[in-house]
1. How long are the semi-axes of the equivalent ellipsoid of segment 1-140, defined as square roots of 5 times the Cα gyration tensor eigenvalues? Whole Å, largest first.
2. Please state the Cα pair-distance histogram of segment 217-258 with 10 angstrom bins from zero: what percent is in each bin?
3. Using a 10 Å cut-off on Cβ atoms, rank the peptides 113-124, 239-250 from the highest mean neighbour count down.
4. Any idea what angle helix 47-71 forms with the longest principal axis of the chain, computed on alpha-carbon atoms, 0 to 90 degrees, nearest 10?
5. Cα-based Rg (one decimal) and Dmax (whole number) for segment 83-205, in Å?
6. For segment 151-219, what log10 I(q)/I(0) values come out of the Debye formula at q = 0.13, 0.24, 0.29 1/Å, with one point per alpha carbon and no solvent?
7. Compute the Rg/Rh shape ratio of segment 81-131: radius of gyration over Kirkwood radius, all on alpha-carbon atoms.
8. So what is the diffusion coefficient of the chain in µm² per second by Stokes-Einstein at 25 °C and 0.890 mPa s, using a Kirkwood Rh over Cα pairs?
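What follows draws every value from the coordinates through simple rules; no lab data is involved. Small disclaimer: the values here were computed from a predicted structure and weren't measured. Don't worry about glycine lacking a Cβ; one is built from the backbone with ideal geometry, like all the others, and counts go over all protein chains shown.
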């Protein structure tokens with residue numbers, strides 16, 4: 001336990017610094033998956049399998065930490081942290097097991113990206129699970145936390161972001177006619193009226209909400225990583241839409257990810 005605590009104390013600042021570095025690096029390098037795929041990133045596999053491999057470690061690591069904590073008597077059962085755990089796991093259950101099955105097309109994802117994504121996801125689960133199930137103060141989340149401003153606002157933001165994320169993914173997916181359609185199309189409607197990467201906007205909202213409802217440093221570090229990874233990604237997607245569709249896309253005058261801001 002002491003060794004884990006020392007590792008955890010080191011993990012948070014290291015992940016913070018790495019998140020800032022990733023943001024800078026992604027201004028110059030575009031990871032090759034989805035609309036930006038190319039063959040220069042090494043061996044690739046089907047994207048649906050890649051998403052499963054990349055996302056499921058966070059689901060199972062969080063689950064393992066939850067059961068270890070209570071099995072070892074490190075933390076007594078807490079209904080508030082249990083709800084936070086359910087929120088977190090619901091997102092990654094959808095992302096790991098449902099999202100890949102619904103994908104259309106036969107796109108590929110480099111194994112190098114899958115491995116780096118899986119590593120980050122594992123460390124992120126340790127950050128969030130370590131805080132909730134091992135290191136948060138014993139009085140951090142009383143039942144009264146359910147009606148605190150942090151929990152109410154954070155939950156509303158988290159759930160709204162989840163709806164935006166899942167709905168936007170569905171809009172993009174439904175543009176393809178069947179599983180053999182590898183073409184890209186301009187999405188329209190609700191979440192896409194003002195921004196080109198509505199699905200990414202929803203995901204950032206989710207983790208901003210999670211950071212608020214947990215009111216924790218690990219939650220804030222996750223927001224930093226989400227911003228560092230997703231905002232440059234939205235820029236690359238915007239540029240690819242422009243490359244594919246030209247004036248048909250640019251005439252829509254959409255923002256990249258944040259309405260009226262960027």
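1. Details: eigenvalues 199, 72, 26 Å².
In descending order, the three semi-axes are 32, 19, 11 Å.
2. 28, 38, 22, 11, 1
3. Going from most to least packed, we get 113-124, 239-250.
4. Rounded to the nearest ten degrees, it is 10.
5. So, for segment 83-205, Rg and Dmax equal 17.6, 53 Å respectively.
6. -0.43, -0.93, -1.14
7. On the way: Rg = 13.4 Å, Rh = 12.7 Å.
My calculation puts Rg/Rh at 1.05.
8. Details: Rh = 19.4 Å.
In µm²/s, the coefficient rounds to 126.
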